1. If the requirement is being closer than 23 Å to residue 350 by Cα, assigned to a helix (DSSP H, G or I) and not assigned by TED's automatic domain parsing to the domain that holds residue 338, which of these qualifies: 197, 182?
2. Applying the selection to the range 2-37, what residues are in contact with a strand residue (DSSP E or B) (Cβ under 9 Å, 6 or more places away or on another chain), modelled with pLDDT of 95 or more and surrounded by fewer than 12 Cβ atoms within 10 Å (Cβ to Cβ)?
3. Restricting to the range 304-336, name every residue that is surrounded by 18 or more Cβ atoms within 10 Å (Cβ to Cβ) and near the ligand (Cβ under 9 Å from one of its atoms).
4. Within the bounds of the range 144-164, is there any residue that is in a loop (DSSP other than H, G, I, E, B) and within 19 Å of residue 221 (Cα to Cα)?
5. Exactly one condition in (1) surrounded by 16 or more Cβ atoms within 10 Å (Cβ to Cβ); (2) touching a residue at least 12 places away in the same chain (Cβ under 8 Å); (3) farther than 25 Å from residue 397 by Cβ; (4) touching a helix residue (DSSP H, G or I) at 6+ places or on another chain (Cβ under 8 Å) is false for residue 192; which is it?
6. Quick one: would you say residue 80 is modelled with pLDDT under 95 and under 30 Å from residue 131 (Cα atoms)?
7. Would you pick out the residues in the range 413-432 that are within 16 Å of residue 116 (Cβ to Cβ) and either assigned to a loop (DSSP other than H, G, I, E, B) or touching a helix residue (DSSP H, G or I) at 6+ places or on another chain (Cβ under 6 Å) (or both)?
8. Of the numbered conditions (1) over 30 Å from residue 160 (Cα atoms); (2) touching a helix residue (DSSP H, G or I) at 6+ places or on another chain (Cβ under 8 Å); (3) without any contact (Cβ under 8 Å) to a residue 60 or more places away in the chain, residue 325 satisfies every one except a single condition; which is it?
Ligand code: CMC
(Lines give C-alpha, C1' and ligand atoms only; values in the text may rest on other atoms or scores of the structure.)
Protein backbone atom coordinates (compact mmCIF):
# COMPACT_ATOMS: atom_id res chain seq x y z
CA UNK A 1 0.00 0.00 0.00
CA UNK A 2 1.32 3.48 -0.84
CA UNK A 3 2.88 5.32 2.08
CA UNK A 4 0.87 8.49 1.69
CA UNK A 5 -2.41 6.82 2.57
CA UNK A 6 -3.98 7.16 5.98
CA UNK A 7 -3.80 4.01 8.08
CA UNK A 8 -6.70 1.66 7.53
CA UNK A 9 -9.13 1.97 10.41
CA UNK A 10 -8.15 2.35 14.02
CA UNK A 11 -7.34 -0.26 16.58
CA UNK A 12 -10.78 -1.60 17.24
CA UNK A 13 -9.66 -3.19 20.45
CA UNK A 14 -9.47 0.30 21.97
CA UNK A 15 -12.00 0.99 24.65
CA UNK A 16 -15.10 2.59 23.22
CA UNK A 17 -16.76 5.77 24.49
CA UNK A 18 -18.55 4.95 27.71
CA UNK A 19 -16.88 3.44 30.75
CA UNK A 20 -18.56 1.42 33.41
CA UNK A 21 -19.91 3.30 36.37
CA UNK A 22 -23.01 2.89 38.44
CA UNK A 23 -25.25 4.39 35.81
CA UNK A 24 -23.78 2.62 32.82
CA UNK A 25 -24.90 -0.80 33.88
CA UNK A 26 -27.90 -3.03 33.85
CA UNK A 27 -29.02 -4.97 36.89
CA UNK A 28 -30.62 -8.27 36.06
CA UNK A 29 -32.53 -10.37 38.55
CA UNK A 30 -32.73 -14.05 37.71
CA UNK A 31 -36.08 -15.04 39.16
CA UNK A 32 -35.11 -18.70 39.00
CA UNK A 33 -32.46 -18.15 41.67
CA UNK A 34 -33.16 -14.68 43.03
CA UNK A 35 -29.54 -13.72 42.18
CA UNK A 36 -28.72 -10.30 40.79
CA UNK A 37 -26.10 -9.46 38.19
CA UNK A 38 -24.60 -6.16 37.05
CA UNK A 39 -23.88 -6.03 33.37
CA UNK A 40 -21.94 -3.19 31.75
CA UNK A 41 -23.75 -0.98 29.22
CA UNK A 42 -21.39 0.39 26.61
CA UNK A 43 -22.53 2.19 23.45
CA UNK A 44 -26.09 1.36 24.49
CA UNK A 45 -25.28 -2.30 24.24
CA UNK A 46 -24.71 -5.14 26.65
CA UNK A 47 -22.31 -7.92 25.80
CA UNK A 48 -24.02 -11.22 25.18
CA UNK A 49 -21.06 -13.01 26.78
CA UNK A 50 -21.76 -11.17 30.06
CA UNK A 51 -24.98 -13.17 30.29
CA UNK A 52 -23.09 -16.45 30.44
CA UNK A 53 -22.43 -15.96 34.15
CA UNK A 54 -26.20 -16.25 34.75
CA UNK A 55 -26.71 -19.87 35.75
CA UNK A 56 -29.00 -21.96 37.92
CA UNK A 57 -26.35 -24.60 38.60
CA UNK A 58 -22.57 -24.28 38.34
CA UNK A 59 -22.44 -26.74 35.45
CA UNK A 60 -25.11 -24.88 33.40
CA UNK A 61 -23.98 -23.48 30.07
CA UNK A 62 -25.18 -20.02 31.09
CA UNK A 63 -27.81 -17.71 29.65
CA UNK A 64 -27.82 -16.98 25.92
CA UNK A 65 -29.85 -14.57 23.81
CA UNK A 66 -32.08 -15.84 20.99
CA UNK A 67 -32.12 -13.49 18.01
CA UNK A 68 -33.13 -15.11 14.72
CA UNK A 69 -32.14 -12.93 11.75
CA UNK A 70 -30.08 -10.69 14.06
CA UNK A 71 -32.93 -8.26 14.65
CA UNK A 72 -31.28 -6.77 17.73
CA UNK A 73 -27.73 -8.02 17.82
CA UNK A 74 -24.62 -5.99 16.95
CA UNK A 75 -22.01 -8.40 15.60
CA UNK A 76 -19.19 -5.88 15.30
CA UNK A 77 -17.97 -2.39 16.00
CA UNK A 78 -17.71 -0.49 12.74
CA UNK A 79 -16.55 2.98 11.75
CA UNK A 80 -17.53 2.81 8.10
CA UNK A 81 -21.23 3.49 7.54
CA UNK A 82 -23.84 5.07 9.75
CA UNK A 83 -27.59 4.63 9.24
CA UNK A 84 -30.37 6.20 11.26
CA UNK A 85 -33.31 4.28 9.94
CA UNK A 86 -35.96 6.35 11.69
CA UNK A 87 -34.65 9.63 10.34
CA UNK A 88 -33.65 8.28 6.92
CA UNK A 89 -29.94 9.14 7.35
CA UNK A 90 -27.09 7.38 5.58
CA UNK A 91 -23.46 8.47 5.93
CA UNK A 92 -20.18 6.97 4.72
CA UNK A 93 -17.38 7.76 7.19
CA UNK A 94 -19.49 10.68 8.42
CA UNK A 95 -20.28 12.19 5.00
CA UNK A 96 -23.99 12.36 4.09
CA UNK A 97 -24.85 10.19 1.10
CA UNK A 98 -26.57 13.14 -0.60
CA UNK A 99 -23.31 15.14 -0.59
CA UNK A 100 -21.25 12.24 -1.85
CA UNK A 101 -23.77 11.57 -4.64
CA UNK A 102 -23.67 15.22 -5.66
CA UNK A 103 -19.98 16.07 -5.25
CA UNK A 104 -17.92 12.90 -5.28
CA UNK A 105 -17.28 10.13 -7.76
CA UNK A 106 -17.39 6.39 -7.22
CA UNK A 107 -13.65 5.75 -7.00
CA UNK A 108 -13.22 8.64 -4.56
CA UNK A 109 -16.09 7.26 -2.46
CA UNK A 110 -14.56 3.78 -2.61
CA UNK A 111 -11.28 5.23 -1.28
CA UNK A 112 -13.21 6.95 1.49
CA UNK A 113 -14.91 3.72 2.52
CA UNK A 114 -11.74 1.67 2.45
CA UNK A 115 -9.20 4.11 3.91
CA UNK A 116 -11.44 6.27 6.09
CA UNK A 117 -10.77 9.71 4.55
CA UNK A 118 -11.43 11.42 1.24
CA UNK A 119 -8.26 11.29 -0.86
CA UNK A 120 -6.21 14.34 -1.78
CA UNK A 121 -5.27 14.74 -5.45
CA UNK A 122 -2.09 12.64 -5.25
CA UNK A 123 -3.78 9.90 -3.26
CA UNK A 124 -6.75 9.86 -5.62
CA UNK A 125 -4.62 9.61 -8.75
CA UNK A 126 -2.54 6.81 -7.30
CA UNK A 127 -5.62 4.90 -6.13
CA UNK A 128 -7.53 5.37 -9.41
CA UNK A 129 -4.45 4.32 -11.33
CA UNK A 130 -3.99 1.21 -9.19
CA UNK A 131 -7.63 0.20 -9.65
CA UNK A 132 -7.69 0.87 -13.39
CA UNK A 133 -4.36 -1.01 -13.85
CA UNK A 134 -6.15 -4.09 -12.53
CA UNK A 135 -9.17 -4.09 -14.80
CA UNK A 136 -7.84 -6.81 -17.13
CA UNK A 137 -8.66 -10.42 -16.33
CA UNK A 138 -6.63 -13.51 -17.12
CA UNK A 139 -7.49 -14.89 -20.55
CA UNK A 140 -8.45 -18.21 -18.96
CA UNK A 141 -11.30 -16.51 -17.08
CA UNK A 142 -12.81 -15.80 -20.50
CA UNK A 143 -12.92 -19.55 -21.06
CA UNK A 144 -14.98 -19.98 -17.92
CA UNK A 145 -17.44 -17.41 -19.17
CA UNK A 146 -17.52 -19.15 -22.56
CA UNK A 147 -18.44 -22.37 -20.82
CA UNK A 148 -21.72 -21.03 -19.47
CA UNK A 149 -24.97 -21.85 -21.20
CA UNK A 150 -26.30 -19.11 -23.51
CA UNK A 151 -29.09 -18.20 -21.08
CA UNK A 152 -27.03 -18.37 -17.87
CA UNK A 153 -27.95 -15.60 -15.44
CA UNK A 154 -25.13 -13.00 -15.43
CA UNK A 155 -25.19 -12.90 -11.62
CA UNK A 156 -24.47 -16.64 -11.54
CA UNK A 157 -21.59 -16.04 -13.95
CA UNK A 158 -20.25 -13.17 -11.85
CA UNK A 159 -20.41 -15.19 -8.63
CA UNK A 160 -18.57 -18.11 -10.25
CA UNK A 161 -15.90 -16.06 -11.96
CA UNK A 162 -15.11 -13.93 -8.93
CA UNK A 163 -14.69 -17.15 -6.94
CA UNK A 164 -12.44 -18.46 -9.72
CA UNK A 165 -10.12 -15.47 -9.26
CA UNK A 166 -8.89 -17.09 -6.05
CA UNK A 167 -7.32 -19.80 -8.18
CA UNK A 168 -5.39 -17.21 -10.19
CA UNK A 169 -4.22 -15.10 -7.26
CA UNK A 170 -3.04 -17.65 -4.76
CA UNK A 171 -1.14 -14.85 -2.96
CA UNK A 172 -4.57 -13.64 -1.79
CA UNK A 173 -4.38 -16.21 0.99
CA UNK A 174 -1.88 -13.93 2.75
CA UNK A 175 -4.63 -12.06 4.47
CA UNK A 176 -2.40 -10.94 7.33
CA UNK A 177 -0.08 -9.12 4.93
CA UNK A 178 -1.28 -5.49 4.43
CA UNK A 179 0.42 -5.20 1.00
CA UNK A 180 -1.25 -8.36 -0.22
CA UNK A 181 -4.63 -7.17 1.06
CA UNK A 182 -4.18 -3.83 -0.70
CA UNK A 183 -3.37 -5.61 -3.96
CA UNK A 184 -6.45 -7.84 -3.72
CA UNK A 185 -8.57 -4.74 -3.09
CA UNK A 186 -7.26 -3.09 -6.28
CA UNK A 187 -7.94 -6.29 -8.14
CA UNK A 188 -11.44 -6.78 -6.79
CA UNK A 189 -12.58 -3.20 -7.35
CA UNK A 190 -10.84 -3.18 -10.76
CA UNK A 191 -12.01 -6.53 -12.08
CA UNK A 192 -15.64 -6.70 -10.97
CA UNK A 193 -16.85 -4.50 -13.87
CA UNK A 194 -14.84 -6.59 -16.35
CA UNK A 195 -16.28 -9.87 -15.06
CA UNK A 196 -19.75 -8.32 -15.11
CA UNK A 197 -19.36 -6.97 -18.63
CA UNK A 198 -18.00 -10.29 -19.94
CA UNK A 199 -20.99 -12.08 -18.41
CA UNK A 200 -23.32 -9.62 -20.14
CA UNK A 201 -21.57 -9.91 -23.53
CA UNK A 202 -21.71 -13.69 -23.28
CA UNK A 203 -25.44 -13.63 -22.56
CA UNK A 204 -26.13 -11.47 -25.62
CA UNK A 205 -23.68 -13.38 -27.82
CA UNK A 206 -21.32 -10.49 -28.52
CA UNK A 207 -17.50 -10.54 -28.47
CA UNK A 208 -15.87 -9.43 -25.24
CA UNK A 209 -14.61 -5.86 -25.09
CA UNK A 210 -11.36 -5.29 -23.22
CA UNK A 211 -11.05 -2.49 -20.67
CA UNK A 212 -10.20 1.00 -21.93
CA UNK A 213 -8.30 2.65 -19.11
CA UNK A 214 -8.47 6.11 -20.69
CA UNK A 215 -12.07 6.15 -19.59
CA UNK A 216 -13.56 6.69 -16.15
CA UNK A 217 -14.55 3.70 -14.01
CA UNK A 218 -18.20 3.94 -15.07
CA UNK A 219 -17.31 4.99 -18.64
CA UNK A 220 -15.02 1.99 -19.09
CA UNK A 221 -17.77 -0.30 -17.83
CA UNK A 222 -20.24 1.16 -20.34
CA UNK A 223 -17.66 0.69 -23.10
CA UNK A 224 -17.09 -2.97 -22.16
CA UNK A 225 -20.86 -3.50 -22.19
CA UNK A 226 -22.07 -1.63 -25.23
CA UNK A 227 -19.15 -1.00 -27.64
CA UNK A 228 -19.76 -2.45 -31.07
CA UNK A 229 -17.36 -2.04 -34.02
CA UNK A 230 -16.32 1.58 -33.41
CA UNK A 231 -12.69 2.12 -32.38
CA UNK A 232 -13.55 4.16 -29.32
CA UNK A 233 -16.85 3.98 -27.47
CA UNK A 234 -18.55 7.38 -27.29
CA UNK A 235 -20.01 7.74 -23.85
CA UNK A 236 -23.03 9.79 -23.02
CA UNK A 237 -21.83 11.88 -20.05
CA UNK A 238 -25.30 11.95 -18.45
CA UNK A 239 -25.52 8.16 -18.41
CA UNK A 240 -21.90 7.82 -17.29
CA UNK A 241 -22.59 10.19 -14.40
CA UNK A 242 -25.87 8.44 -13.52
CA UNK A 243 -24.17 5.04 -13.36
CA UNK A 244 -21.38 6.49 -11.22
CA UNK A 245 -23.94 7.95 -8.78
CA UNK A 246 -25.81 4.64 -8.65
CA UNK A 247 -22.55 2.89 -7.75
CA UNK A 248 -21.97 5.46 -4.97
CA UNK A 249 -25.47 4.89 -3.58
CA UNK A 250 -24.88 1.13 -3.43
CA UNK A 251 -21.29 1.25 -2.15
CA UNK A 252 -21.97 0.30 1.47
CA UNK A 253 -24.89 -0.19 3.80
CA UNK A 254 -23.40 -1.37 7.09
CA UNK A 255 -24.23 -4.92 8.25
CA UNK A 256 -26.69 -5.95 5.52
CA UNK A 257 -27.12 -9.56 4.45
CA UNK A 258 -24.31 -9.67 1.86
CA UNK A 259 -21.85 -7.68 4.01
CA UNK A 260 -22.55 -9.94 6.96
CA UNK A 261 -21.94 -12.88 4.62
CA UNK A 262 -18.63 -11.31 3.57
CA UNK A 263 -17.57 -10.84 7.19
CA UNK A 264 -18.77 -14.30 8.25
CA UNK A 265 -17.08 -16.13 5.41
CA UNK A 266 -13.88 -14.11 5.66
CA UNK A 267 -13.77 -14.70 9.43
CA UNK A 268 -12.56 -18.21 8.57
CA UNK A 269 -9.55 -16.44 6.97
CA UNK A 270 -10.40 -17.60 3.47
CA UNK A 271 -9.15 -15.42 0.59
CA UNK A 272 -11.23 -12.34 -0.31
CA UNK A 273 -12.32 -13.66 -3.75
CA UNK A 274 -14.05 -16.67 -2.18
CA UNK A 275 -15.60 -14.40 0.44
CA UNK A 276 -16.76 -11.93 -2.21
CA UNK A 277 -18.37 -14.75 -4.18
CA UNK A 278 -20.32 -15.63 -1.02
CA UNK A 279 -21.30 -12.03 -0.44
CA UNK A 280 -22.45 -11.72 -4.05
CA UNK A 281 -24.52 -14.89 -3.64
CA UNK A 282 -26.28 -13.35 -0.66
CA UNK A 283 -26.89 -10.24 -2.73
CA UNK A 284 -28.48 -12.29 -5.53
CA UNK A 285 -31.64 -13.06 -3.51
CA UNK A 286 -34.88 -11.18 -4.28
CA UNK A 287 -35.11 -9.86 -0.72
CA UNK A 288 -31.74 -8.16 -1.12
CA UNK A 289 -30.01 -7.13 -4.37
CA UNK A 290 -32.44 -9.05 -6.53
CA UNK A 291 -35.28 -6.77 -5.45
CA UNK A 292 -34.92 -4.23 -8.28
CA UNK A 293 -35.35 -7.04 -10.79
CA UNK A 294 -38.47 -8.08 -8.87
CA UNK A 295 -39.77 -4.49 -8.91
CA UNK A 296 -39.78 -4.39 -12.70
CA UNK A 297 -41.46 -7.77 -12.90
CA UNK A 298 -44.07 -6.46 -10.47
CA UNK A 299 -44.63 -3.27 -12.52
CA UNK A 300 -44.99 -5.42 -15.65
CA UNK A 301 -47.56 -7.59 -13.90
CA UNK A 302 -49.53 -4.55 -12.74
CA UNK A 303 -49.50 -3.34 -16.34
CA UNK A 304 -51.46 -0.11 -15.95
CA UNK A 305 -52.37 2.47 -13.33
CA UNK A 306 -55.95 1.25 -13.20
CA UNK A 307 -54.78 -2.13 -11.82
CA UNK A 308 -52.89 -0.60 -8.89
CA UNK A 309 -55.73 -0.60 -6.30
CA UNK A 310 -56.38 -4.31 -6.91
CA UNK A 311 -52.66 -5.05 -6.63
CA UNK A 312 -52.32 -3.12 -3.37
CA UNK A 313 -55.39 -4.90 -1.98
CA UNK A 314 -53.81 -8.27 -2.81
CA UNK A 315 -50.57 -7.27 -1.07
CA UNK A 316 -52.52 -6.25 2.02
CA UNK A 317 -54.25 -9.63 2.00
CA UNK A 318 -50.83 -11.26 2.18
CA UNK A 319 -50.73 -12.30 -1.49
CA UNK A 320 -47.20 -11.19 -2.25
CA UNK A 321 -45.17 -8.12 -1.36
CA UNK A 322 -44.86 -4.65 -2.72
CA UNK A 323 -41.32 -5.09 -3.99
CA UNK A 324 -38.99 -2.12 -3.52
CA UNK A 325 -40.83 -1.17 -0.34
CA UNK A 326 -39.79 -1.78 3.24
CA UNK A 327 -36.44 -2.17 4.89
CA UNK A 328 -35.07 -3.83 8.00
CA UNK A 329 -33.40 -0.59 9.09
CA UNK A 330 -35.17 2.29 7.35
CA UNK A 331 -38.51 3.14 8.86
CA UNK A 332 -38.58 6.32 6.80
CA UNK A 333 -37.92 7.19 3.14
CA UNK A 334 -34.65 5.53 2.07
CA UNK A 335 -32.33 8.52 1.37
CA UNK A 336 -30.89 6.64 -1.61
CA UNK A 337 -34.33 6.36 -3.17
CA UNK A 338 -34.68 10.17 -2.97
CA UNK A 339 -31.41 10.69 -4.87
CA UNK A 340 -32.40 8.08 -7.45
CA UNK A 341 -35.79 9.66 -8.05
CA UNK A 342 -34.05 12.93 -8.96
CA UNK A 343 -31.48 11.12 -11.08
CA UNK A 344 -34.26 9.41 -13.02
CA UNK A 345 -35.37 12.74 -14.50
CA UNK A 346 -31.85 13.41 -15.85
CA UNK A 347 -31.58 9.95 -17.35
CA UNK A 348 -35.05 9.97 -18.89
CA UNK A 349 -34.24 13.26 -20.65
CA UNK A 350 -31.58 11.34 -22.59
CA UNK A 351 -33.21 7.93 -22.94
CA UNK A 352 -36.87 8.89 -23.03
CA UNK A 353 -39.23 8.26 -20.16
CA UNK A 354 -39.60 4.69 -18.97
CA UNK A 355 -43.34 4.07 -19.33
CA UNK A 356 -43.32 2.10 -16.07
CA UNK A 357 -42.37 5.25 -14.17
CA UNK A 358 -45.97 6.47 -14.14
CA UNK A 359 -47.12 3.19 -12.62
CA UNK A 360 -44.33 3.37 -10.03
CA UNK A 361 -45.14 6.97 -9.06
CA UNK A 362 -48.82 6.19 -8.68
CA UNK A 363 -48.07 2.99 -6.75
CA UNK A 364 -45.84 4.96 -4.37
CA UNK A 365 -48.53 7.65 -3.92
CA UNK A 366 -51.25 5.12 -3.13
CA UNK A 367 -49.05 3.05 -0.82
CA UNK A 368 -47.81 6.05 1.15
CA UNK A 369 -51.41 7.06 1.84
CA UNK A 370 -52.52 3.58 2.79
CA UNK A 371 -52.83 2.65 6.46
CA UNK A 372 -51.25 -0.79 5.96
CA UNK A 373 -47.97 0.73 4.73
CA UNK A 374 -48.12 3.80 7.03
CA UNK A 375 -48.59 1.67 10.15
CA UNK A 376 -45.72 -0.63 9.24
CA UNK A 377 -43.50 2.29 8.19
CA UNK A 378 -43.00 0.83 4.72
CA UNK A 379 -41.38 3.36 2.35
CA UNK A 380 -39.72 3.02 -1.04
CA UNK A 381 -36.20 1.64 -0.75
CA UNK A 382 -33.23 1.99 -3.10
CA UNK A 383 -34.59 -0.69 -5.42
CA UNK A 384 -37.93 0.90 -6.15
CA UNK A 385 -36.63 3.35 -8.76
CA UNK A 386 -33.13 2.07 -9.63
CA UNK A 387 -34.44 -0.64 -11.96
CA UNK A 388 -36.38 1.90 -14.01
CA UNK A 389 -33.17 3.84 -14.64
CA UNK A 390 -31.17 0.73 -15.43
CA UNK A 391 -33.80 -0.42 -17.88
CA UNK A 392 -33.94 2.96 -19.60
CA UNK A 393 -30.14 2.82 -19.93
CA UNK A 394 -30.43 -0.45 -21.84
CA UNK A 395 -29.64 -3.00 -19.15
CA UNK A 396 -31.65 -6.21 -19.18
CA UNK A 397 -33.20 -6.96 -15.77
CA UNK A 398 -30.82 -9.86 -15.17
CA UNK A 399 -27.99 -7.32 -15.00
CA UNK A 400 -29.52 -5.36 -12.11
CA UNK A 401 -28.06 -7.38 -9.23
CA UNK A 402 -24.77 -7.45 -11.10
CA UNK A 403 -24.68 -3.65 -11.12
CA UNK A 404 -25.46 -3.68 -7.41
CA UNK A 405 -22.54 -6.06 -6.82
CA UNK A 406 -20.08 -3.77 -8.63
CA UNK A 407 -21.20 -0.83 -6.53
CA UNK A 408 -21.10 -2.81 -3.28
CA UNK A 409 -17.59 -4.24 -3.77
CA UNK A 410 -15.74 -1.33 -2.04
CA UNK A 411 -18.10 -1.73 0.93
CA UNK A 412 -17.45 -5.47 1.11
CA UNK A 413 -13.68 -5.06 1.01
CA UNK A 414 -13.72 -2.15 3.49
CA UNK A 415 -15.74 -4.29 5.93
CA UNK A 416 -13.45 -7.24 5.27
CA UNK A 417 -10.37 -5.21 6.27
CA UNK A 418 -12.12 -3.76 9.27
CA UNK A 419 -13.09 -7.23 10.44
CA UNK A 420 -9.55 -8.58 9.99
CA UNK A 421 -8.03 -5.66 11.92
CA UNK A 422 -10.51 -5.95 14.77
CA UNK A 423 -8.75 -7.87 17.53
CA UNK A 424 -12.11 -8.77 19.09
CA UNK A 425 -13.27 -10.68 16.03
CA UNK A 426 -12.93 -14.44 15.72
CA UNK A 427 -14.36 -17.03 13.38
CA UNK A 428 -18.12 -16.35 13.25
CA UNK A 429 -19.99 -19.12 14.92
CA UNK A 430 -23.50 -18.49 16.30
CA UNK A 431 -25.07 -20.68 18.94
CA UNK A 432 -28.36 -22.52 18.57
CA UNK A 433 -31.20 -23.66 20.76
CA UNK A 434 -31.48 -27.38 20.20
CA UNK A 435 -35.08 -28.59 20.37
CA UNK A 436 -34.59 -31.86 18.49
CA UNK A 437 -34.72 -35.45 19.71
CA UNK A 438 -32.92 -36.52 22.82
CA UNK A 439 -30.38 -39.34 22.58
CA UNK A 440 -31.91 -42.56 21.19
CA UNK A 441 -30.75 -46.00 20.07
CA UNK A 442 -29.97 -46.66 16.37
CA UNK A 443 -32.81 -48.51 14.55
CA UNK A 444 -31.89 -51.18 11.97
CA UNK A 445 -33.41 -50.59 8.51
CA UNK A 446 -35.87 -53.49 8.71
CA UNK A 447 -37.31 -52.13 11.93
CA UNK A 448 -37.93 -48.58 10.69
CA UNK A 449 -41.49 -47.29 9.97
CA UNK A 450 -42.70 -48.18 6.46
CA UNK A 451 -44.22 -44.79 5.41
CA UNK A 452 -43.15 -43.63 1.92
CA UNK A 453 -42.03 -40.18 3.03
CA UNK A 454 -40.51 -39.34 6.40
CA UNK A 455 -42.84 -37.43 8.69
CA UNK A 456 -41.52 -33.91 8.89
CA UNK A 457 -40.31 -32.81 12.29
CA UNK A 458 -41.93 -29.51 13.22
N1 CMC B 1 -44.85 -5.33 1.05
C2 CMC B 1 -45.85 -5.64 1.91
N3 CMC B 1 -45.71 -5.86 3.22
C4 CMC B 1 -44.46 -5.76 3.70
C5 CMC B 1 -43.36 -5.44 2.89
C6 CMC B 1 -43.58 -5.22 1.52
N7 CMC B 1 -42.59 -4.91 0.69
N8 CMC B 1 -42.23 -5.41 3.63
C9 CMC B 1 -42.63 -5.71 4.88
N10 CMC B 1 -43.97 -5.92 4.92
C11 CMC B 1 -44.79 -6.20 6.11
C12 CMC B 1 -44.55 -7.62 6.61
O13 CMC B 1 -45.44 -8.52 6.00
C14 CMC B 1 -44.78 -7.44 8.09
O15 CMC B 1 -46.16 -7.35 8.29
P16 CMC B 1 -46.83 -7.99 9.63
O17 CMC B 1 -46.25 -7.20 10.76
O18 CMC B 1 -48.29 -7.82 9.44
O19 CMC B 1 -46.40 -9.43 9.66
C20 CMC B 1 -44.21 -6.06 8.38
O21 CMC B 1 -44.32 -5.34 7.14
C22 CMC B 1 -42.77 -6.08 8.84
O23 CMC B 1 -42.00 -6.70 7.83
P24 CMC B 1 -40.82 -7.73 8.07
O25 CMC B 1 -40.87 -8.78 7.00
O26 CMC B 1 -40.82 -8.18 9.50
O27 CMC B 1 -39.58 -6.78 7.87
P28 CMC B 1 -38.09 -7.24 7.63
O29 CMC B 1 -37.25 -6.21 8.25
O30 CMC B 1 -37.87 -8.65 8.06
O31 CMC B 1 -37.94 -7.22 6.04
C32 CMC B 1 -37.47 -6.58 3.85
C33 CMC B 1 -37.31 -6.24 5.33
C34 CMC B 1 -36.65 -5.59 3.01
C35 CMC B 1 -36.91 -8.00 3.58
C36 CMC B 1 -38.97 -6.52 3.49
O37 CMC B 1 -39.46 -5.22 3.74
C38 CMC B 1 -39.22 -6.92 2.05
O39 CMC B 1 -39.31 -8.10 1.75
N40 CMC B 1 -39.32 -5.93 1.10
C41 CMC B 1 -39.50 -6.24 -0.29
C42 CMC B 1 -38.18 -6.65 -0.90
C43 CMC B 1 -37.26 -5.47 -1.11
O44 CMC B 1 -37.66 -4.44 -1.62
N45 CMC B 1 -35.98 -5.67 -0.75
C46 CMC B 1 -34.95 -4.65 -0.95
C47 CMC B 1 -34.41 -4.14 0.35
S48 CMC B 1 -33.42 -2.67 0.08
C49 CMC B 1 -32.06 -3.18 -0.77
C50 CMC B 1 -31.13 -4.03 0.02
O51 CMC B 1 -30.72 -3.62 1.12
O52 CMC B 1 -30.81 -5.09 -0.48
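1. Values: 182 fails: closer than 23 Å to residue 350 by Cα.
Matching residue, one of 197, 182: 197.
2. If the condition is that a residue be in contact with a strand residue (DSSP E or B) (Cβ under 9 Å, 6 or more places away or on another chain), modelled with pLDDT of 95 or more and surrounded by fewer than 12 Cβ atoms within 10 Å (Cβ to Cβ), then 26, 27, 29, 36 are the ones that fit.
3. Answer for the range 304-336, where residues must be surrounded by 18 or more Cβ atoms within 10 Å (Cβ to Cβ) and near the ligand (Cβ under 9 Å from one of its atoms): 315, 322, 323, 324, 325, 326, 327, 330, 334, 336.
4. So in the range 144-164, the residues in a loop (DSSP other than H, G, I, E, B) come out as 148-153.
With the extra rule that they be within 19 Å of residue 221 (Cα to Cα), the set shrinks to 153.
The answer is yes, given that some residue of the range 144-164 is in a loop (DSSP other than H, G, I, E, B) and within 19 Å of residue 221 (Cα to Cα).
5. The one condition residue 192 does not meet is (3).
6. Numbers: modelled with pLDDT under 95: no; under 30 Å from residue 131 (Cα atoms): yes.
So residue 80 fails the test.
7. Keep residues of the range 413-432 that are within 16 Å of residue 116 (Cβ to Cβ), which gives 413-422.
Within the range 413-432, 413, 414, 415, 416, 419, 422 qualify.
8. Looking at each condition in turn, residue 325 falls short on (1).
The values are calculated or read from the model by the stated rules, or taken from the named source; none is laboratory data. Bear in mind the structure is a predicted one, so any value in this text is a computation, not a measurement. Ideal geometry is used to build each Cβ from the backbone, glycine not excepted, and the neighbour counts take in all protein chains shown.
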